[in-house]
Every structure is written in structure tokens, then in C-alpha cells.
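J.: Provided herewith is a single structure, encoded as C-alpha cells, for subsequent inquiry.
The values are calculated or read from the model by the stated rules, or taken from the named source; none is laboratory data. Nothing here was measured: the structure is a model prediction, and the numbers come from that model. Positions of Cβ are backbone-derived with ideal geometry, glycine not excepted, and every protein chain shown enters the neighbour counts.
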């Protein structure tokens with residue numbers, strides 16, 4: 001695993017044990033989880049973190065912890081992972097992000113991916129994806145094409 005990646009404002013780094021409590025707090029926010037599958041309990045959330053770390057070991061990529069140097073040790077998670085769901089278009093790699101509400105609207109997810117534009121799709125089986133929300137998140141000249 002790469003030690004870390006830096007952007008103009010962010011540090012994308014591997015998980016640390018002390019990140020789990022901040023991730024639990026972030027994942028307990030219903031607004032943050034609006035388009036994500038909720039965790040049944042703390043044990044399920046802990047298992048997600050273990051799986052995220054294992055994904056890095058098994059595949060060489062996965063969810064990074066997003067740190068805002070000088071302000072917050074963890075503002076969220078962003079990265080790529082293999083889809084864990086049985087979907088008609090699987091296998092697939094998912095680009096996902098989850099940021100704490102105080103850090104929304106500042107372009108951090110966009111910056112973390114280092115993209116100038118984004119084209120994606122939501123399958124008709126998706127119940128939590130929202131192309132309009134993705135347009136708001138990616139914005140800045142990106143495009144979103146919905147297949148569903």
C-alpha cells in the first residue's frame with residue numbers, strides 16, 4: 001500500500017486504529033448515510049473497517065482515510081473498491097466517498113479523486129444512488145449520465 005497521497009489541501013492515508021471511533025461517529029449521522037447502506041450495529045461498522053483494510057492487502061487499492069492537515073485527523077473516507085453486491089453489471093469497481101457534514105460543499109471529494117470531470121452511471125437496481133446528488137457533489141464541469 002502507498003503510504004499516503006497529498007493534494008493541495010488533503011492527506012489521503014491508510015487506516016489507523018484510532019480512526020475507527022471517528023468513522024463510527026461519521027457513520028452514525030443519518031444525513032451522511034442517506035445514500036449508503038446503513039450499518040446494523042457497531043460490530044457491522046467495525047467489520048466494514050476490517051474489510052476496507054483487507055481490500056488494500058488483497059487488491060492494492062481501497063478506501064483511504066481523508067485527513068485535513070492542521071484541522072482534522074479524519075474528515076471521511078474516499079476511494080475505490082470492488083463492488084461487494086450481486087449486481088447485473090458486476091464485477092465492478094466502485095468510486096465512493098463519505099465525508100462528515102461540516103466538510104460538505106468544499107470540493108474535498110472531488111479533490112481527493114483528482115478529477116476534472118466525472119462520468120458515471122447508476123443502475124436501475126440502485127435504490128440509494130442519486131444522479132442529482134452526484135451532480136452537486138462532482139459539479140465543476142463534470143457530467144453524469146444516468147442509465148437507470
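J.: Would you please list the contacts, defined by Cβ atoms under 6 Å and residues six or more apart or on different chains, that run from a residue in region 34-58 that is closer than 20 Å to residue 93 by Cα to a residue that is assigned to a helix (DSSP H, G or I)?
T.: From region 34-58, the pairs are 49/20.
J.: Report, by residue number, each residue of region 1-21 that is closer than 19 Å to residue 51 by Cβ and either in contact with a helix residue (DSSP H, G or I) (Cβ under 9 Å, 6 or more places away or on another chain) or buried (at least 17 other Cβ atoms within 10 Å of the Cβ) (or both).
T.: 1, 12, 13, 14, 15, 19, 20
J.: A further question follows. Could you check how many residues of region 45-101 are out of contact with any strand residue (DSSP E or B) (no Cβ under 8 Å at 6 or more places or on another chain) and closer than 17 Å to residue 26 by Cβ?
T.: Within region 45-101, residues that are out of contact with any strand residue (DSSP E or B) (no Cβ under 8 Å at 6 or more places or on another chain) and closer than 17 Å to residue 26 by Cβ number 11.
J.: Looking at residue 31 and the list (1) touching a helix residue (DSSP H, G or I) at 6+ places or on another chain (Cβ under 7 Å); (2) surrounded by 12 or more Cβ atoms within 10 Å (Cβ to Cβ); (3) closer than 16 Å to residue 99 by Cα, which single condition is not satisfied?
T.: All conditions are met except number (2).
J.: State the number of residues belonging to region 59-70 that are more than 16 Å from the chain's Cα centre (by Cα) and either within 19 Å of residue 107 (Cα to Cα) or touching a residue at least 24 places away in the same chain (Cβ under 8 Å) (or both).
T.: Qualifying residue count for the region: 3.
J.: Here's another thing I want to ask about it. Can you confirm whether region 104-116 contains a residue that is under 16 Å from residue 55 (Cα atoms) and modelled with pLDDT under 85?
T.: No, every residue in region 104-116 fails to be under 16 Å from residue 55 (Cα atoms) and modelled with pLDDT under 85.
J.: State whether the residues of region 35-42 include one that is modelled with pLDDT under 95 and part of a helix (DSSP H, G or I).
T.: Scanning region 35-42, I find at least one residue that is modelled with pLDDT under 95 and part of a helix (DSSP H, G or I), so the answer is yes.
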